[in-house]
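Below you'll find the structure, written out as structure tokens, and then a few comments.
Every number here is computed from the coordinates shown, using simple stated rules; none is lab data. The model shown is predicted, which means the values in this text are computed figures rather than measured ones. Because the Cβ atoms are built from the backbone with ideal geometry, glycine has one as well, and the counts that use them run over all protein chains shown.
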């Protein structure tokens, strides 16, 4: 018996390929809001199933289709190789998994992953799309004023205060004050 797995071709590659390289396309605010909206929907679905991705980053969000003229993009979260079913591991510490720079600060203290840690990683991803900077911003996240200044200085186009504020709330180093999925869905 032969097994065949059919998958969609993601001919545009990843968000990293499309938007984060040195001479790449600069995403419009509309494109970024669309990516955020789609990722909120994905996180909503997997969080209902008590699953955390643990490796959200531009390389793991693939672009299915894009029209830069009409500011339309369709993305897919991929690479669930590090995903964890929390129903099976409630209250159990686990190894630190993920990509440095995208791992939420609380993981280094408790090793307990949650949707909040995925929101942090998505916030870092959006920061990278906005600025083109791929440096680790974990230290900057501890200094909100410095982070805001960094975004304003490095943004490749002028983004709205609303978008910048959302990113700031997503990368809040205090998990208890970080924006939640229900708040993001409003």
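For the chain, what is the mean residue ellipticity at 222 nm derived from helices alone (per DSSP H run of n ≥ 4: -39500 (n - 2.57); sum divided by total residues; nearest 500 deg cm²/dmol)? Taking each H run of at least 4 residues, the total per residue is -11500 deg cm²/dmol. Just check the stretch 36-140 against the gyration tensor rule for me: Cα atoms, a ≥ b ≥ c as the square roots of the eigenvalues, rounded for a/c under 1.5, and otherwise prolate or oblate depending on whether a/b exceeds b/c. In terms of gyration-tensor shape, oblate. Between residue 146 and residue 185, the contour length at 0.36 nm per residue exceeds the alpha carbon distance by 11.3 nm. Peptide packing: for 75-87, 173-185, the average count of neighbouring Cβ atoms within 10 Å per residue gives the ranking 75-87, 173-185, highest mean first.
Model label points for residue 45 and residue 160, set 7 angstrom from Cα along the Cα-to-Cβ axis, are 2.6 nm apart. Taking the stretch 151-168 and a reference point 7 angstrom along Cα→Cβ of residue 25, the backbone N atoms nearer than 17 Å belong to 156-157. For Rg/Rh (Cα atoms, Kirkwood Rh), the candidate list reads [x] 0.96; [y] 1.20; [z] 1.37; the entry that matches the value derived from this model is [x].
Take every pair of alpha-carbon atoms less than 8 Å apart whose residues are at least six positions apart; their mean separation over the length of the stretch 88-186 yields a relative contact order of 29 percent. Note on residue 174 and residue 100: the extension gain reaches 24.9 nm, defined as 0.36 nm multiplied by sequence separation minus the Cα-Cα distance. Annotation for the stretch 109-158 versus the stretch 23-66: alpha-carbon center distance of 15 Å. Summary value for the chain: 23 percent relative contact order, contacts being C-alpha pairs under 8 angstrom separated by 6+ residues.
Seen from all directions on average, the stretch 98-186 presents a Cα convex hull projection of 5.5 nm².
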